[in-house]
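Engineer: Structure provided below as C-alpha cells; questions to follow.
The values are calculated or read from the model by the stated rules, or taken from the named source; none is laboratory data. Small disclaimer: the values here were computed from a predicted structure and weren't measured. Neighbour counts run over all protein chains shown; Cβ positions are idealised from the backbone, glycine included.
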Amino acid sequence: MLYKFKRSSRLKNNRNFQIVYQNGKSYVNKWAVLYVLKQTASPRRIGFAVGKKLGNAVVRNRVKRLMREVFRLNQHKIVEGIDILFVARKPLLKANLIVTNNTFWDLCKKAGILISE
C-alpha cells in the first residue's frame, strides 16, 4: 500500500491552527499534546507545531519530520472529518521514530479517533 501525505491533509495557515487550539479538545502525555476538533464535512487534516523554545531550526525540523512520518504511516487508521494539531514537548526532541509513533498512538487512543477494526 502506498502512503502519501497530500496537501489537502495539512493544516497550513495560522487561522486554522488557532481555530483548533481554541475550539479543540486537548489530550496530553509526557512527550506531546494532541488537539482534536471534529468537523462535519471536511477530510482528515493535521498540523504540526514545535515551538522555538525547544531548540534551533535544525532540531525543530527534525522533530516535525518524525511527526509527519508517523502520521503518514498511520493516517488510514484515523477517522475522517477531524482536524488534528500535533504539538511537540521537550522530551520528544530526543525521541526516535518508535517513541514518536508510540506517543502518537497513545494520544489517538485517548482521543478516541482511531477506526475500530
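Engineer: Got a sec? Which of Val36, Val20 is modelled with pLDDT of 85 or more, among the aliphatic types (A, V, I, L, M) and in a strand (DSSP E or B)?
Structural biologist: Residue meeting the stated conditions: Val36.
Engineer: Please go through region 42-64 and give me each residue that is under 12 Å from Leu92 (Cβ atoms) and either touching a residue at least 60 places away in the same chain (Cβ under 8 Å) or not in a loop (DSSP other than H, G, I, E, B) (or both), ordered by number.
Structural biologist: First pass over region 42-64, keeping only residues under 12 Å from Leu92 (Cβ atoms): 48-51, 54-55, 59-60, 62-64.
Correct list: Phe48, Ala49, Leu54, Val59, Arg60, Arg62, Val63, Lys64.
Engineer: Could you say which residue among Tyr27, Tyr21 is touching a Cys at 6+ places or on another chain (Cβ under 9 Å), hydroxyl-bearing (Ser, Thr, Tyr) and either within 23 Å of Lys4 (Cβ to Cβ) or surrounded by 13 or more Cβ atoms within 10 Å (Cβ to Cβ) (or both)?
Structural biologist: Exactly one of Tyr27, Tyr21 is touching a Cys at 6+ places or on another chain (Cβ under 9 Å), hydroxyl-bearing (Ser, Thr, Tyr) and either within 23 Å of Lys4 (Cβ to Cβ) or surrounded by 13 or more Cβ atoms within 10 Å (Cβ to Cβ) (or both), namely Tyr27.
Engineer: Just give me the residues in region 65-92 being within 22 Å of Tyr21 (Cβ to Cβ), in contact with a Lys or Arg (Cβ under 8 Å, 6 or more places away or on another chain) and in a helix (DSSP H, G or I), in sequence order.
Structural biologist: Of everything in region 65-92, those that are within 22 Å of Tyr21 (Cβ to Cβ), in contact with a Lys or Arg (Cβ under 8 Å, 6 or more places away or on another chain) and in a helix (DSSP H, G or I) turn out to be Gln75, Pro91.
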